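The next block holds one structure in the form of structure tokens; read it before the comments.
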There are 2 protein chains.
Amino acid sequence: MLSNRFDPRNGAALSSENGCDGTPAPRRPTISDVARAAGVSPSTASVVFSGKAKVSDATRDRVLAAASDLGYAGPDPLAASLRTGRSGIVAVVLEGALRRTFLDPVTIATMDGLTDGLASAGADVLLLRDEPHKPGGAALTTAPIDAAVLLGCSTATRESLDIVRARRLPLVVIEGDAGDAVPQITLDNAEAAAGIARHVRELGHREVAVVTLPLDVGRRRGPVSPERLARATVAPAIQRLAGIRGVFPEARVLSAAASSIDEGVIAAGTLLDADPRPTAILAQSDMLAAGVIRAAEDRGLRVPEDLSVTGFDGVRVDGLGAHMLTTSVQPATEKGRAAGAQIAAMLAGQAGESVHFTCRFRAGSTTAPAPR
Amino acid sequence: MLSNRFDPRNGAALSSENGCDGTPAPRRPTISDVARAAGVSPSTASVVFSGKAKVSDATRDRVLAAASDLGYAGPDPLAASLRTGRSGIVAVVLEGALRRTFLDPVTIATMDGLTDGLASAGADVLLLRDEPHKPGGAALTTAPIDAAVLLGCSTATRESLDIVRARRLPLVVIEGDAGDAVPQITLDNAEAAAGIARHVRELGHREVAVVTLPLDVGRRRGPVSPERLARATVAPAIQRLAGIRGVFPEARVLSAAASSIDEGVIAAGTLLDADPRPTAILAQSDMLAAGVIRAAEDRGLRVPEDLSVTGFDGVRVDGLGAHMLTTSVQPATEKGRAAGAQIAAMLAGQAGESVHFTCRFRAGSTTAPAPR
DNA sequence: TTGTAAGCGTTATCAT
DNA sequence: ATGATAACGCTTACAA
């Protein structure tokens, strides 16, 4: 028997003969095969494909023709990656199920910007869930990635963070709790939320309620006690609430289980059926605000005459109708793009740095002077 | 000068001395370093990490200790990939911008199922846009992937398809136009749509209009002429329309520019302000149907008393209110899971096969006998 | 402009 | 249970 060694290309033991007809097992052509067929050296052929050096037209044509002849589809990415030390892949680590993550328009916008910013570095995005203790080992430890971005992760991600550090991969954290040395993309959540609150106070509102984003991975719906707040982990939710509390320390606060219209409806239901009824409801996202408006209108309340409603994010909410939400517009896409740019810089050998973004208050048609 | 060869690990020329302090340039430990430190052979160390053979406890402990000592984070995925011929990555090729793709709840559900189905094969998902003629070469040709899934791609993807074929990668197409030999995940769009249409006809409706999904990559909003339909490329839209036309050949047909509530509102606006006003509107997605309902209610029309509305998909539409949509429920998550399972099978050396799914009609509260 | 040579770090096989 | 060996396919520095 001539050869029975393992051949990764075929994923199984390769014997010198095929099972039935004596034909040699089909082996994929390599760049050396192409070079040989073209009568050039492997390095020349390599350069033809990478374009990293000048090659005479005649040579290039011969190489390309040989490649086409042999059905060679270009350099094997796996081998090229090992040689260059780069896979061209950046992991985006998401907390929780894909389904939930991508239900949030802000996340989608951020992902959009991220892929965009990464594209200029020639990198693509690998979707990874934050589940380090998965049976069979975490994908984060074995995936051929050049860098990682932690997106929308609360402290639950500590473990993922350690893995990335152990692998010494460039890392950027978007609005998460990452600590010291890691470049972060941040937002002025507290200030922006305070700005909204001030607007509402200036309109004369005193009976105000708040609907927050989920505060932790538990995502429990309901009133936010001091104890609960102390255990909260989701930075944006905590910060926005702090901003509001600076203006309305006594506001009643309810947590939603997700950033969705339906959750807004549920929370507003509780708030609007209470006595005294708030004259303004500050929601921590535009999706929640849309739900609050829906709940108000279902009860025959007019927005903004009977109830003022504010949001946060400044995203286009599909199905909000004619209302123009009073909100604070965050540069969601820019956040992602900035993360991508930092990754690109770090991959290019530069130091990554944190980037801070600010929101822009936008007065809409959903707030008005408090009824008296 | 002892050495000035290229070192992929550091991404730059490696000199025998560091720039300032004479310290040797820090080199990452390899599995051989770990093996040496533990006093075992590299193959033994490898087996400790892969678990693919029995190792005595004492040996394993020594290796692990050495690894921990040296700060070794595990086998280099790039090198392991080259050796095994597997990267553990499957590309999902999407048509158009991420932002648009992920705005569709059906796509999200399918992605959810796909990642799920792939997880059992130990594979993760690389997001790739369908743009083969991008400057710098298509990512699809150079990405270290084991297989590819084409999701929601019309014929525009022919080129991507060719690349995947040239690379001889396992491929599955979800509801797309891929031709013969490629395993496909399909849906009984025509039959399911016909079923909805029959339900509406049995309720006595004769004046019926249709709101379709985008018909091609142009995604133009407006009336669907025979010429336009002839140039349509989006299979589900075409098939669903065919199903409806079998029941209501004369129905007025409007195409939406996306599958969203707002687009439904726009299309329904045109239809409801026309004379004669339809007594039923068949939307090709639940999102569109939600918009149709919204538009109707905005005009003071009651659903279903004055207007019957049907959808397609059976997804939970955030903010649909109390209505229970009459629709056809498609197994969106299952479609993705099936695609993942086929990829897994092909990666395991088995033949991939097409999988056909059927929708289930669901009568809701948005259809009623035609007003007379 | 092209060729030569030396690995990149790992893991499957086979022998012990 | 462990070790020696031989690839995996490519890209780069350097010489010609």
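The values are calculated or read from the model by the stated rules, or taken from the named source; none is laboratory data. Quantities reported herein were computed from a predicted structural model and do not represent experimental measurements. Heads up, the Cβs are rebuilt from the backbone with ideal geometry, glycines too, and the neighbour counts pull from every protein chain shown. What goes into the accessible areas is simple: the full protein's heavy atoms, side chains included, and nothing from ligands, DNA or RNA. Shrake-Rupley method; radii C 1.70, N 1.55, O 1.52, S 1.80 Å.
Could you identify the single residue in A:SER50, A:SER56, A:SER43 that is free of Cβ contacts under 8 Å to residues at least 12 places away in the same chain and within 14 Å of another protein chain (Cβ to nearest Cβ)?
A:SER43
For region A:72-81, what are the residues that are in contact (Cβ under 8 Å) with a residue 12 or more places away in the chain and more than 7 Å from every other protein chain (Cβ to nearest Cβ)?
Scanning region A:72-81 gives A:TYR72, A:PRO75, A:ASP76.
Looking at region A:39-71, which of the residues that are among the hydrophobic types (A, V, I, L, M, F, W, C) and more than 22 Å from B:THR142 (Cα to Cα) is farthest from DNA strand D (Cβ to nearest atom)?
Ranking the candidates gives A:ALA58 first.
So, in region A:36-63, of the ones that are among the hydrophobic types (A, V, I, L, M, F, W, C) and more than 7 Å from DNA strand C (Cβ to nearest atom), which residue ends up surrounded by the fewest Cβ atoms within 10 Å (Cβ to Cβ)?
Of the residues in region A:36-63, the ones among the hydrophobic types (A, V, I, L, M, F, W, C) are A:37-38, A:40, A:45, A:47-49, A:53, A:55, A:58, A:63.
Okay, now just the ones that are also more than 7 Å from DNA strand C (Cβ to nearest atom), so A:37-38, A:45, A:48-49, A:63.
Details: A:ALA37: 18, A:ALA38: 22, A:ALA45: 29, A:VAL48: 24, A:PHE49: 20, A:VAL63: 25.
Once the filter is applied, the top-ranked residue is A:ALA37.
Can you tell me which residues in region B:46-59 are farther than 24 Å from A:ARG9 by Cα and modelled with pLDDT of 95 or more?
B:VAL48
Taking region A:103-119, which residues are more than 13 Å from the chain's Cα centre (by Cα) and more than 10 Å from every other protein chain (Cβ to nearest Cβ)?
The answer is none; no residue qualifies.
Which ranges mark the helices (runs of 4 or more DSSP H) fully within region B:60-172 that have 1 or more residues being within 15 Å of A:LEU127 (Cα to Cα)?
Output list reads B:98-101, B:105-119.
Hey, among B:GLU305, B:GLU263, which residue is open to solvent by 10 Å² or more (accessible area, probe 1.4 Å) and either in the same structural domain as B:ALA109 (by TED's automatic domain parsing) or under 16 Å from B:ALA368 (Cα atoms) (or both)?
B:GLU305
Based on this model, can you work out whether B:ALA66 counts as within 11 Å of DNA strand C (Cβ to nearest atom) and aliphatic (A, V, I, L, M)?
So B:ALA66 does not fit the description; no.
Look through region A:173-186, keep the residues that are buried (at least 17 other Cβ atoms within 10 Å of the Cβ) and in a loop (DSSP other than H, G, I, E, B), and return whichever of them is nearest to the other protein chains (Cβ to nearest Cβ).
Filtering region A:173-186 for residues buried (at least 17 other Cβ atoms within 10 Å of the Cβ) gives A:173-178, A:182-186.
Keeping just the survivors that are in a loop (DSSP other than H, G, I, E, B) gives A:175-178, A:182-183.
On the way: A:GLU175: 19, A:GLY176: 21, A:ASP177: 23, A:ALA178: 19, A:VAL182: 17, A:PRO183: 19 Å.
Only one residue fits best here, namely A:VAL182.
Looking at region A:19-45, which of its residues are hydrophobic (A, V, I, L, M, F, W, C) and either touching an Asp or Glu at 6+ places or on another chain (Cβ under 8 Å) or modelled with pLDDT of 90 or more (or both)?
A:ALA25, A:ILE31, A:VAL34, A:ALA35, A:ALA37, A:ALA38, A:VAL40, A:ALA45
Here's a check for you: in region B:128-149, which residue that is open to solvent by less than 10 Å² (accessible area, probe 1.4 Å) and within 13 Å of the chain's Cα centre (by Cα) is farthest from B:GLU263 (Cα to Cα)?
Restricting to residues being open to solvent by less than 10 Å² (accessible area, probe 1.4 Å) and within 13 Å of the chain's Cα centre (by Cα), the top hit is B:ALA148.
Out of the residues in region B:1-15 that are more than 21 Å from A:ARG168 (Cβ to Cβ) and open to solvent by 60 Å² or more (accessible area, probe 1.4 Å), state the one that is modelled with the highest pLDDT.
Residue satisfying both the conditions and the ranking: B:ARG5.
Could we say that A:ARG316 is surrounded by 16 or more Cβ atoms within 10 Å (Cβ to Cβ), closer than 28 Å to A:GLY117 by Cβ and of a type outside the set (Val, Ile, Thr) here?
No.
Please find, within region A:187-237, the residue that is surrounded by the most Cβ atoms within 10 Å (Cβ to Cβ) out of those that are at pLDDT below 95 and polar (S, T, N, Q).
A:THR233
Can you name the residue in region B:82-102 that is facing chain A (nearest Cβ under 7 Å) and in contact with a Ser or Thr (Cβ under 8 Å, 6 or more places away or on another chain) and is also surrounded by the fewest Cβ atoms within 10 Å (Cβ to Cβ) among such residues?
B:LEU98
Which of the residues belonging to region B:163-194 are touching a Leu at 6+ places or on another chain (Cβ under 6 Å) and of a type in the set (Gly, Ala, Ser)?
Hit for region B:163-194 is B:GLY176, nothing else.
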